[in-house]
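For reference, the structure discussed in these notes is given below.
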Protein chains: 2
Amino acid sequence: MKNLAILGSTGSIGKQTLDIVRSFPDKFRVVGLAGGKNTDLLAEQISEFQPRLAYSSLKLTLPGKTRFSSMEEIASHPEVDLVAIATTGKTGLSPTLAAVRAGKSIALANKEILVMAGEIIITEAKQHRAKILPIDSEHSAIWQCLRGERVGVARLILTTSGGPFYHYSPSQLVRVTVEESLQHPTWKMGKKVTVDSATLMNKGLETIEAHWLFAISFEKIEIIIHPQSIIHSLVEFVDGSLKAQLSFPDMRLPIQYALSYPKRLSNSTLPRIDLAKIKSLTFETIDYARFPCLELALDAGKKGGTYPTVLCAADEIATELFLTRHIRFSDIPTIIAETIGLHHGIANPTLDEILAADAWARETTLKLAKRESLC
Amino acid sequence: MKNLAILGSTGSIGKQTLDIVRSFPDKFRVVGLAGGKNTDLLAEQISEFQPRLAYSSLKLTLPGKTRFSSMEEIASHPEVDLVAIATTGKTGLSPTLAAVRAGKSIALANKEILVMAGEIIITEAKQHRAKILPIDSEHSAIWQCLRGERVGVARLILTTSGGPFYHYSPSQLVRVTVEESLQHPTWKMGKKVTVDSATLMNKGLETIEAHWLFAISFEKIEIIIHPQSIIHSLVEFVDGSLKAQLSFPDMRLPIQYALSYPKRLSNSTLPRIDLAKIKSLTFETIDYARFPCLELALDAGKKGGTYPTVLCAADEIATELFLTRHIRFSDIPTIIAETIGLHHGIANPTLDEILAADAWARETTLKLAKRESLC
């Protein structure tokens, strides 16, 4: 029986994590839950799973058995074996660090954490013997392919569907609406990550994450277009052999894998692949010039320091401005690039310096958008 | 430095094994060589690699440093770490058993050995802590996918290109010539295995081999058509996740992997895959009715005992009769089925009983062919 804390339990990944818990009542017990604005759902979850600890960002009446706690307290509580970080943005940063310092297993779905503070998290995880277990489908695929072989890796190959606008011309991209950008061809996800998938910023953030998770240089990470989203990523070894992980685009598999690791659990509710029905898996070279957000992310990743934090924060603001119809789809990379251009990076930043860079970038991105009368 | 013995060094797999040895003079040393009828090539190999022990089925003058030995002596010699069994048919059976009993690592390319004597070999390998390392591309793929995960396997999925006649009608199959049958679409191999690939007998033998190598029931082994021969096989786990191994169809990779295991060696002479250039990997359900040899093999595998031996022997004779233009391509399964139909199987056979079944099947297949005036 593993004792779980789930931070961000009311979001897309959080809800699916609880689905997995429901499938294995004898394997997982929920000890802590933390939710955001959706207090109705959080209250339901607390009533169903009866956790000892709960956190809500808004006011919430808790049942007798459940005690109100901070996310940091939940993440580091002695009874907790595994902390699922299903928060978004920088919310999960401090609780993740608390879990790391308590030597927990951490199932990580919140990309921004490693993008912003990869060096700190990975260094402290080693010190405290905490395990970072990726939940993103691409990183889960790589992690699965690396089982039993930590040496001899030549390249990681991240796949991307290319998003809904892969074949759009620059003039078509300018006219992309919010509604169009929220139609992902293969995955159902939250709004922010769906827009990030359309700009391919998401793949850039994943590349930075992979760099930290698998201790591999950016030069050894490639991205390839694979429209069917069946092969979730590949590892090439030094002898030329490639290993790939395949499954239907369903986040419950990587979630369950992270929860059950090192075991694999039989789960009949997860879909099976029939390759003969799928018939064809196709691949295309990525045209980086069509995806300025991807290039910005790779560039920020290579620069390191506070640059990835600025990238993340500027992207969050720019995406929000697009979703609220203040800027156009094609303004997203422009405004992020301008923000990054104004930043004076700090190498090996402390957590405070990272948070300061984050605040600076949010303010700057908004200011730039206003000055250009975009909003 | 690993000390190698290579039995069948003058055949296709043997020559490629020596190519790998040439690439890593500081990793592998050849201690023993055994060759068949091509004594000129064997003499060259002995002169180049200066093994301590050599065997030739025909007369051969050996240089001073090299001593004539039996294949069994070479396979079990104390100096030998790994024995590559690159022989064909039943020739390698007795030397393999000698290597098993001496607790060696055995890189196995000779399919018939596990098909004929799987139970004996696997049982004795456990007793003597010998390791059986597959060289066949499909089994190497499965072995690579199973690294780090020996439990939680739901299915093995063997891929096949379908061979050169996959889309032929029954009437076209009757007219297939020897020359056509030797044109494999993706692999360059010896004549016997190329014809076995065209009848899909080869995939049937591989299924029986996989059953023994990975201790998995026939019900959990599937075959799928994959014309490009890039994915060499897949493993499906109980959670619905699949792992695949990909590489260009080049036997040197699985050979090198078996020799270097558990390490992977960087080898620039091995080709790299560029998925964007390959563009598409396709899959089709196999139509078992089109491949009677495959059905015969799966049936013999499930029956067990001496049936797989009879299958192997009858196939060897029938293929030879086809290659020498005595019977038609479509006669191959007919004559094998007739031989199997006449056999009284023995369960849990001894090695002598296996060899007796082999002799009986060869004789019977020839008799049947003559009686039907096929030759």
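The values are calculated or read from the model by the stated rules, or taken from the named source; none is laboratory data. Just so it is clear, the model here is predicted, and its values are computed rather than measured. Don't worry about glycine lacking a Cβ; one is built from the backbone with ideal geometry, like all the others, and counts go over all protein chains shown. Ligands, DNA and RNA are stripped out before the accessible areas are found, and what is left, the full protein with its side chains, is counted by its heavy atoms. Shrake-Rupley method; radii C 1.70, N 1.55, O 1.52, S 1.80 Å.
Would you please calculate the Kirkwood hydrodynamic radius of the stretch B:2-134 over all C-alpha pairs and express it in Å, rounded to one decimal?
On the way: mean 1/r = 0.0696 Å⁻¹.
Computed over Cα pairs of the stretch B:2-134, the Kirkwood hydrodynamic radius comes out at 14.4 Å.
Across the stretch B:270-369, C-alpha contacts under 8 Å between residues 6 or more apart give a mean separation that, scaled by the residue count, equals a relative contact order of 31 percent.
In the assembly of identical copies, B:F248 has its label point, taken 7 Å from Cα in the direction of the beta carbon, separated from the corresponding points by 3.7 nm (ascending, one decimal). Normalised by the number of residues in the stretch B:2-134, the average gap of Cα pairs under 8 Å and 6 or more apart makes the relative contact order 23 percent. Listed by chain and number, the aspartates and glutamates whose C-alpha is less than 13 Å from the C-alpha of B:K367, apart from same-chain residues fewer than 8 away, are B:E338. Working from the Cα coordinates of the stretch A:65-109, the gyration tensor eigenvalues give, after taking √(5λ), semi-axes of 16, 13, 9 Å in decreasing order.
Interface of A with B. Using a 1.4 Å probe and counting protein heavy atoms only, the two chains hide about 3400 Å² of accessible surface, both sides summed.
Each semi-axis of the equivalent ellipsoid for the protein assembly as shown is √(5λ) with λ an eigenvalue of the Cα gyration tensor; in descending order they amount to 56, 26, 26 Å. Computed across the stretch A:205-325, the Kirkwood hydrodynamic radius from all distinct Cα-Cα pairs reaches 17.3 Å.
Residue and whole-Å distance for the chain B Cβ lying nearest the axis of the B-onto-A rotation are B:G148, 1. Here the stretch B:123-192 is treated as a Stokes sphere of Kirkwood radius computed over C-alpha pairs; at 4 °C and 1.567 mPa s its diffusion coefficient rounds to 82 µm²/s. Residues of the stretch B:208-246 buried by at least 20 Å² of accessible area upon assembly of all protein chains, compared with the chain on its own (1.4 Å probe): B:I224, B:L234, B:E236, B:V238, B:D239, B:G240, B:S241, B:L242, B:K243, B:A244, B:L246. If you take the alpha carbon atoms of chain A and fit the smallest convex hull around them, that volume is 141 Å³ per residue. A:K367 label point (Cα plus 7 Å toward Cβ) to equivalent points in the other copies: 9.8 nm, shortest first. Taking the centroid of alpha carbons for each part, the stretch A:162-212 and the stretch A:3-71 are 30 Å apart.
Pairs from the table (B:K15/B:K192; A:K243/B:K277; A:K27/A:K192; B:K15/B:K191) lying more than 21 angstrom apart at Cα are A:K27/A:K192. Using a probe radius of 1.4 angstrom, the carbon and sulfur fraction of the accessible surface of the stretch B:221-375 is 54%.
Please identify the DSSP H helices in chain B that span no less than 20 Å along the helix axis (Cα) and have a mean Kyte-Doolittle hydropathy of 0.0 or more. If you can, show how the numbers build up before the last one.
Details: long enough: B:111-128 (21 Å, 0.30); B:307-323 (24 Å, 0.94); B:351-371 (30 Å, -0.21).
Correct list, ordered by number: B:111-128, B:307-323.
Across identical copies of the chain, A:S266 has label-point separations of 4.4 nm, listed in ascending order, with the point defined 7 angstrom from Cα along Cα→Cβ.
Over all other residues within a Cβ to Cβ distance under 11 Å of B:A98, the charged ones net out to -1, with Lys and Arg as +1 and Asp and Glu as -1. Here the Gaussian network model covers chain B, with springs between Cα atoms less than 10 Å apart; of B:H232, B:H343, B:H211, B:H343 fluctuates the most. For chain A, the solvent-accessible area with a 1.4 angstrom probe is 40 square angstrom per residue.
Taking packing as the residue-averaged number of other Cβ atoms within 10 angstrom, the listed peptides A:158-168, B:321-331, A:192-202, B:92-102 run from highest to lowest as A:192-202, B:92-102, A:158-168, B:321-331.
Given a 1.4 angstrom probe, I'd like the percentage of the accessible area of the stretch B:2-134 that is carbon and sulfur, rounded to a whole number. On the stretch B:2-134, the fraction of accessible area on carbon and sulfur atoms equals 49 percent.
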